[in-house]
Protein chains: 2
Amino acid sequence: MSKEERKAREKERRRNQIIDAAERVIFSKSLEQSTMVEIAEEAGLSKGTLYLYFKNKTELYIAITQRGSDLLNSKFAKVFSGTHDYTGLELIKIMGETYLNFVRENPNYFTAFMYYESISDVEALENSKYANQCDQNRREALNFMIRALQIGMQDGSVDDRYEPKELAIIIFASTRGLTAMTHASGRGHYFELLDEMEVSITKLFENFLNLLVEGMASKKELKDSGNG
Amino acid sequence: MSKEERKAREKERRRNQIIDAAERVIFSKSLEQSTMVEIAEEAGLSKGTLYLYFKNKTELYIAITQRGSDLLNSKFAKVFSGTHDYTGLELIKIMGETYLNFVRENPNYFTAFMYYESISDVEALENSKYANQCDQNRREALNFMIRALQIGMQDGSVDDRYEPKELAIIIFASTRGLTAMTHASGRGHYFELLDEMEVSITKLFENFLNLLVEGMASKKELKDSGNG
DNA sequence: GTCACTTTCTGACTGATAGTCATTTTATTT
DNA sequence: AAATAAAATGACTATCAGTCAGAAAGTGAC
């Protein structure tokens, strides 16, 4: 036990040492501009060793992605932990704010998320435990949101004509869009549109959440939709 | 005139011939898996020639991106052209549907859009006429949306307590989020969540638009927001 | 038609880097 | 300390973006 266990723990430490180094290097530039040799040197190892712990550069980056994903989910979990007297609708807003704050505080992890989502080589994803964990986290985050919506439908704060699953996905995806823009803008990317238009991101996000909330808040008067 | 002009036209034709070839090659695989030699061969030229027409591989891909961007904008323009009796709110919905349809019909262009937005080397963007055109198109699209909202505020279909610019950006970004998910899902990416949950994208999008519309539709009874 | 000159095109070459693997170093057991 | 196993190394290979000296094609003058 002590034997095998210690080995495994040692191995895990090395792995983390490499991920630490990779974060330092990649976050200071970008994935493309970082080489495996640089990362190895930063970790005080040689290039070959990196490949004993990670299949390739992409898997190493996905390991970083997983860290970010874990961190984000721990924040979501905190929202739901312990006792609180938030309505479902409030929970949704808080989750949105949590997400925005995460992206602002950890832009590099968000960059990693975006890269992760752009990977089209399904093969690479299926065989990676890091990727699996990321997917697992995403599923969990969605479940948090579904829970919030169900709470909201019970306490009357959320319109119960919606399907919680669907609504959760919609909120999830649209919030993602907003934060992606926020992120791009923070990187001085094309979205100086915001500057041009003198729109503050904080205010924008506030309005976005209000819009969502307004849209899904329960209404007194029911009306029939025109869809067949 | 005839002289210089013919030259320029010839050059333009070559350029398009290269972009055509690049689309065929890159769309059949992916940017990373496509080499400049392959593209050159597909175009019936040699690698060196490609570099007479495009600074580098990225610029060539941005040229493809621009095509997609132009195509999308032409579809938006069509929505606004001619006479119609849509309300502002209806125009917003139609724009959203137009966008979704574009992504479904041209997933490869959308992939290009996502890549484009991930470029963090601002230098590369500023010196490229293709990138400038993309940015220009984005601005124009946003202006279409602002116009629709202003129309809506006048005809009473859109809540005029919102700032059109802000609202336009919000709708823009959140719709982008939805379509990105649609796109990822279509690529068999992690978002088999949708399958798992038995949610159809069409229905999802419908609900998303309804949610937005509900949120921004003008309300009879005004209420004060709690924000300082 | 051929010479001089310009424009366009070519593909061998260079440099960079991801990933491999035979060899060396270090740790563990007997 | 010898034998064996595990971990680490870095020289090597393959691939590919981007370059550039020279070839080929085009243009115009006579």
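Kindly establish whether A:Ser120 is assigned by TED's automatic domain parsing to the domain that holds A:Leu178, hydroxyl-bearing (Ser, Thr, Tyr) and more than 24 Å from B:Thr111 (Cα to Cα).
No.
Scan the stretch B:141-155 and give yes if some residue there is within 12 Å of the chain's Cα centre (by Cα) and farther than 26 Å from B:Leu31 by Cβ, otherwise no.
yes
If I ask for residues that are touching a helix residue (DSSP H, G or I) at 6+ places or on another chain (Cβ under 6 Å) and of a type in the set (S, T, N, Q), which ones from the stretch B:119-141 would you list?
B:Ser128, B:Gln133, B:Asn137
Out of the stretch B:23-43, which residues are closer than 15 Å to B:Ile62 by Cα and among the polar types (S, T, N, Q)?
Scanning the stretch B:23-43 gives B:Ser30, B:Ser34.
Just to check your reading of the model, which residue among B:Gly177, B:Gly186 is within 22 Å of B:Ser69 (Cβ to Cβ) and modelled with pLDDT under 85?
None of the others qualify; the one that does is B:Gly186.
So, of the residues in the stretch A:5-21 that are under 13 Å from A:Ala40 (Cβ atoms) and within 11 Å of DNA strand D (Cβ to nearest atom), which turns out to be nearest to the other protein chains (Cβ to nearest Cβ)?
Once the filter is applied, the top-ranked residue is A:Ile18.
Could you say whether any residue in the stretch B:68-83 is of a type outside the set (D, E, K, R) and either touching a strand residue (DSSP E or B) at 6+ places or on another chain (Cβ under 6 Å) or within 11 Å of DNA strand C (Cβ to nearest atom) (or both)?
Among the residues of the stretch B:68-83, not one is of a type outside the set (D, E, K, R) and either touching a strand residue (DSSP E or B) at 6+ places or on another chain (Cβ under 6 Å) or within 11 Å of DNA strand C (Cβ to nearest atom) (or both), which makes the answer no.
Can you tell me which residue is modelled with the lowest pLDDT among those in the stretch B:135-174 that are in contact with a strand residue (DSSP E or B) (Cβ under 9 Å, 6 or more places away or on another chain) and within 11 Å of chain A (Cβ to nearest Cβ)?
For the stretch B:135-174, the residue satisfying everything is B:Asp159.
What helices (runs of 4 or more DSSP H), lying completely within the stretch B:33-98, carry at least 3 residues that are surrounded by 18 or more Cβ atoms within 10 Å (Cβ to Cβ) and without any contact (Cβ under 8 Å) to a residue 24 or more places away in the chain?
Helices (runs of 4 or more DSSP H) meeting the threshold: B:36-42.
Please enumerate the residues belonging to the stretch B:22-39 that are closer than 20 Å to B:Arg67 by Cα, within 14 Å of chain A (Cβ to nearest Cβ) and within 12 Å of DNA strand D (Cβ to nearest atom).
B:Ile26, B:Lys29, B:Ser30, B:Leu31, B:Glu32, B:Ser34 - these are the residues of the stretch B:22-39 that are closer than 20 Å to B:Arg67 by Cα, within 14 Å of chain A (Cβ to nearest Cβ) and within 12 Å of DNA strand D (Cβ to nearest atom).
Limited to the stretch B:102-131, what total is found for residues that are farther than 19 Å from A:Ala112 by Cα and not in a helix (DSSP H, G or I)?
So the answer is 3.
The values are calculated or read from the model by the stated rules, or taken from the named source; none is laboratory data. Every value quoted in this text rests on a predicted model; they were computed, and no experiment measured them. Methodologically, a virtual Cβ is constructed for each residue, glycine included, from the backbone with ideal geometry; neighbour enumeration extends over all protein chains shown.
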